[in-house]
1. Give me the three principal axis extents of the protein assembly as shown from the C-alpha atoms, as integers in angstrom, largest value leading.
2. Whole-Hz Karplus ³J(HN,Hα) for segment A:284-294, in order, using 6.51 cos²θ - 1.76 cosθ + 1.60 and θ = phi - 60°, x for Gly and Pro?
3. Length gain on complete extension for the stretch B:Ala58 to B:Ala26, per 0.36 nm per residue less the alpha carbon to alpha carbon distance?
4. Compare A:Pro244, A:Pro391, A:Pro292 in a GNM of chain A, Cα atoms joined below 10 Å, and give the one with the largest fluctuation.
5. When only Cα pairs under 8 Å and 6 or more residues apart are kept, what is the percent relative contact order across chain B?
6. Suppose R0 equals 25 Å. What FRET efficiency, 1/(1 + (r/R0)^6) with r the Cβ-Cβ distance, do A:Glu353 and B:Thr105 give to the nearest 0.05?
7. Using a cut-off of under 16 Å, list every residue of segment A:226-256 whose amide N is near the label point 7 Å from the Cα of B:Tyr113 along the Cα-to-beta-carbon line.
8. Of A:His125, A:Gly97, A:Gly65, which is farthest on the positive side of the dipole of segment A:32-152, counting Cα position, with +1 on Lys and Arg Cβ, -1 on Asp and Glu Cβ, and the Cα centre as origin?
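Taken together, the values in this text are just the output of simple stated rules run on the coordinates, not laboratory data. Because the structure is predicted, anything quoted here is derived from the model rather than measured. Cβ sites come from the backbone with ideal geometry, for glycine too, and all protein chains shown count toward neighbours.
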Amino acid sequence: MPDRAASLVPDRSLGRTPDRVWSGYLRPDGRKGIRNHLLVVYTVECASFVAQEIAKDESDTHVIGFPGCYDNDYAIRLMLALATHPNIGGVLAVGLGCEYTQPHRIAEAVRASGRPAESFFIQEHGGTRLSIAYGKELLASLRARASETAVKVPMTWADLTIGAECGGSDGTSGLAGNPVVGRTFDRLVDRGGSAIFEEVVEMIGLRDLMIARAASPRAAQQLGATYDKMLNYCKAVRQYSVAPGNFAGGLTTIEEKSMGAFAKGGSQPIQGVLRVSERPPHPGLWLLDSVPDEHFMQFGYTNPNDTEGIMDLIAAGAQIVLFITGRGSVIGSAVSPLIKVTGNERTWRNMSEDMDFNASRVLSGELTMDEAAGELMDLIADVASGEPSKPERLGHREFFLMYKHQDVPSLEAGCRV
Amino acid sequence: MSVEPAASAFQVHASDNVATLLSEAAAGAPLEIVGPAGRRDLTAREKIELGHKVALVAIPEGAPVVKFGIVIGIATRPIEPGEWVHLHNCRSQLDERSGHFDVHTGEPGDNAYA
């Protein structure tokens with residue numbers, strides 16, 4: 001919906017307070033967190049039950065991990081990126097004792113980042129019950145150290161990295177939810193912040209549009225190479241990122257879904273392409289490439305579910321992720337809060353306990369796109385200030401990680417940095 | 001004379017030959033099409049749900065279906081103005097599974113469960 005030319009209501013487009021400042025946690029690498037969570041990391045599926053039990057009833061503790069016994073460089077990089085994320089104050093790594101991925105190496109890397117960290121193998125601590133008890137003791141000690149070392153500092157827009165992901169998209173997503181997020185990204189970037197969007201597999205047919213948005217010739221080269229890799233991948237696995245719910249919601253083809261999904265990238269120049277677990281080297285708008293590199297295994301369906309993409313955005317340093325869902329999704333996220341945006345008025349009514357922001361008001365003409373972006377900025381600042389988002393309030397802390405290869409150095413045409 | 005309540009649909013780009021429903025339209029409902037190409041009136045030939053698309057003009061078989069100013073698919077049979085445009089009359093140019101989905105639920109029908 002185009003902006004209304006003349007509005008009779010006061011200008012709400014700048015939000016309540018354009019230059020809000022709140023309190024955050026300063027980390028030794030200079031980044032600032034909006035939460036001070038503890039993280040339990042399991043290094044194989046066999047240790048996941050114990051890890052979940054250790055974190056049970058600990059409101060500040062989230063769980064991540066990798067299910068495979070054989071290790072994977074991509075997965076290790078992603079777990080380390082999350083374990084040293086600005087929202088994390090301390091880490092406990094738990095292994096079974098047989099697997100390739102080493103808990104003590106994770107703990108060492110976390111300690112090197114200036115955070116308290118511990119690790120142990122279940123096989124060395126007497127099995128399930130004794131390991132849970134031991135883990136809970138370590139968690140208490142980590143919590144005490146994380147709160148002692150926490151440095152509270154003022155924080156504002158320029159200290160934020162925000163991700164955007166869409167899931168359960170319908171015909172309203174491309175008209176309301178995603179454009180409102182795009183407009184919000186424009187403002188965040190104007191105020192010195194970093195904005196990241198992904199879902200390259202939902203940019204089918206948009207190669208020229210992507211390249212036209214490049215901030216530099218180098219970025220243009222990266223965007224072109226990323227698009228080409230994606231299209232080769234989709235053709236090779238014969239999989240396109242469009243699901244039954246999308247069809248039921250009125251999206252007919254991947255081409256249609258793509259244009260709507262791209263709208264969440266707003267209108268700022270794209271600075272370049274990040275690979276999973278890389279951070280933006282400077283502020284601005286960035287595209288994240290989560291598509292597996294060419295590899296003989298053709299592993300790792302790209303975009304197997306929404307949570308994977310959300311984890312990729314958080315691994316890039318996002319302290320908050322905006323999740324746009326037309327049909328209504330009930331996920332949250334480990335490490336960083338999700339703010340749920342819907343452009344579907346019916347979903348807003350039917351799933352009100354799960355939805356944070358009603359973007360359908362731009363379709364009914366109640367709000368202009370700019371006013372909606374102003375309100376969403378306010379909500380972001382509220383959540384950054386410590387107010388729990390709806391998924392946080394409900395206790396959501398979803399996590400997903402599977403095997404992938406994104407480290408083949410020979411990919412041609414400048415995709416590699 | 002139609003007795004169905006009016007519904008509205010949004011045409012994103014002036015070159016689009018479809019518009020997206022902003023509310024559900026019953027068969028025979030008057031449709032107000034809004035967007036950058038200006039306002040126009042149409043009648044829904046069948047029930048079309050919120051978020052789904054209506055054809056603004058006649059689209060011949062094999063012709064592109066355009067939304068956001070880009071080709072989002074190809075008409076698989078002639079489409080009349082006011083008709084619902086979806087999986088039953090429009091397919092992807094890339095996705096081989098396009099055309100194997102239930103038109104209402106999107107459920108795939110091309111894999112075996114036994």
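1. Sorted largest first, the three principal extents are 79, 57, 47 Å.
2. Ordered by residue, 3J(HN,Hα) equals x, 8, 10, 9, 9, 9, 9, 6, x, 6, 4 Hz.
3. Working it through step by step, the gained length comes to 9.5 nm.
4. A:Pro244
5. Across chain B, relative contact order equals 20 percent.
6. 0.50
7. A:244-245
8. After comparing all options, I get A:Gly65.
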